[in-house]
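Asks: Got a structure for you, questions after.
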C-alpha cells in the first residue's frame, strides 16, 4: 500500500466535511432570519413609497367635503308621462264640392274661426236662390188664402155663404202656412251650406300637413279630412304614479291646493315647462297598480310637443328645517346608507344614516347627522374607517414643509455618514 493513497483519502474526507459544514451554515436559522428581515425591510420601504405598509400610516387622501345644512326640502314624486293635447281635431268638409282654395300655411298657428279652405259655393248659391223663389211664391199664396178666408168669414156672418166653404178655406190657409215653413227651412239649409263652404278652424292651435290640395273634389266621407289642428296652448301631460302615493296627492288636492308639476326632457336634465295638477283619474289600473293624472301647462314657449315623452316631478309637500347633504355624500353598503364624516383631526369615520326625500342634487337625512358636520362628497372610494384626509382648500404651512425638508435632509446626511464609517471599518 503506497503512502500517497492514505493522504488522498484524508483529503477526500476533509473536502466532504467542509461541504457539510457549509451546508449547515447555509441552513442555520440565523441566516434565514436575516433574509426574512431583509425582505420585511424591503416591503416596508415599498410601503412607504406606495402609500402605506406595516407599521407605517397610509398617506392622507385628498377629498372634497361639504357641510351639513338645514333648510326646506321639497317632497317630489317622479313619474314618466306623455304630452297630450287638450284638443286634436281632424278638420273635414261638411258638404261635397270642389276645393277652391287653401288659406293656411302648414305648421302655422290659427285661432278658432279662422278660414282654412273654401269649397266652390256656386252650386249652393243657385240652390239657395231657387229655394228663396219657392218661398216667395208660397208666401204669396198664403197671403191670398188668408184674405179669402177673411171675406168668407164676413159673408158667413151675413148668412150669405155656407160654413163648409169657410172651413175649407181655413184648411187651405193652414196648408200654405206649412208650405211656407218648409220653404223657409230649405232656404236656411242652403244658407248653412254656404257657411259650410267656408271651412273654418274649430279650435285654436297649430295646423299640420295639408291632406288635400286645391282642385280636388272633397266629400263628407273623406277620412283624412283637409288638415289636423292640435291645440298647444294650453297643453297637458298625462302621467302615472303608484297607488301608494294617492294619499299624499289626494289630501292637498281635495283641500284646493294647486300642486306644482314640472316637466323635464327625456334625459331628465332640462326643465321644459311648469304647470299644475289638473285632475286625477277615477280608477286604479289593477294590472299595474298605478293611477293616471293630468297636469296642464301654458306652454307659451311651445317646449312641449304632442306625444312627447317627458319626466314629471309633482310637488306634494315641503319639509321645513330638514337636514340636508349633497347627494354624492350618501353611499350604500351592506348595512344600508352611510356617509364619511370628517373628524376634527382630519380623519374620517363611517356613519350610518337614514335618508329622507331626495331632490336631485340634495338628499335629506332623517337620522345620523347633525347640522354643521362635514361629510365627504368626492374621493370616498379611497377611504376606510379612520383614514387620514387632506382637503384641497386646506393649504399646508410653509414652515412645516421647510422643517420637514430640513429634518429629512439631516436624517439622510446622518445615514450617509453612518454608512461611510461602516465601510471604512470593513476596509480596515
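The values are calculated or read from the model by the stated rules, or taken from the named source; none is laboratory data. The shown structure was predicted, so the numbers you read here are calculated from the model rather than taken from an experiment. All Cβ positions, even for glycine, are placed from backbone atoms using ideal geometry, and neighbour counts span all protein chains on display.
Asks: Within the stretch 339-366, track down each residue that is in a strand (DSSP E or B) and more than 11 Å from residue 324 (Cα to Cα). Step through it out loud before you land on a result.
Replies: Taking the stretch 339-366 as the starting set, the residues that turn out to be in a strand (DSSP E or B) are 339-342, 347-352, 354-359, 362-366.
Matches in the stretch 339-366: 339, 340, 341, 342, 347, 348, 349, 350, 351, 352, 354.
Asks: Tell me, yes or no, whether the stretch 325-333 has at least one residue that is more than 27 Å from the chain's Cα centre (by Cα), part of a loop (DSSP other than H, G, I, E, B) and closer than 30 Å to residue 386 by Cβ. It would help to see each step written out before you state the result.
Replies: Residues of the stretch 325-333 more than 27 Å from the chain's Cα centre (by Cα): 333.
If we keep only those that are part of a loop (DSSP other than H, G, I, E, B) as well, we get none.
The answer is no; no qualifying residue exists.
Asks: So residue 251 fits all but one of (1) assigned to a loop (DSSP other than H, G, I, E, B); (2) more than 19 Å from the chain's Cα centre (by Cα); what number is the exception?
Replies: It is condition (1) that residue 251 fails.
Asks: Follow-up question, since we're still on this one. Exactly one condition in (1) at pLDDT 95 or above; (2) not assigned by TED's automatic domain parsing to the domain that holds residue 65 is false for residue 398; which is it?
Replies: Answer for residue 398: the failing condition is (1).
Asks: Mind listing whichever residues of the stretch 171-199 are buried (at least 16 other Cβ atoms within 10 Å of the Cβ) and either farther than 21 Å from residue 127 by Cβ or over 60 Å from the mean Cα position of the chain (by Cα) (or both)?
Replies: Selection gives 172, 173, 176, 179, 180, 183.
Asks: Given 139, 143, 132, which one is free of Cβ contacts under 8 Å to residues at least 24 places away in the same chain, in contact with a helix residue (DSSP H, G or I) (Cβ under 9 Å, 6 or more places away or on another chain) and more than 14 Å from residue 226 (Cβ to Cβ)? Full working, then the answer.
Replies: On the way: 139 fails: free of Cβ contacts under 8 Å to residues at least 24 places away in the same chain; 132 fails: free of Cβ contacts under 8 Å to residues at least 24 places away in the same chain.
None of the others qualify; the one that does is 143.
Asks: Then there's this: Is there a residue being surrounded by fewer than 18 Cβ atoms within 10 Å (Cβ to Cβ), modelled with pLDDT under 95 and in a loop (DSSP other than H, G, I, E, B) anywhere in the stretch 237-244?
Replies: Scanning the stretch 237-244, I find no residue that is surrounded by fewer than 18 Cβ atoms within 10 Å (Cβ to Cβ), modelled with pLDDT under 95 and in a loop (DSSP other than H, G, I, E, B), so the answer is no.
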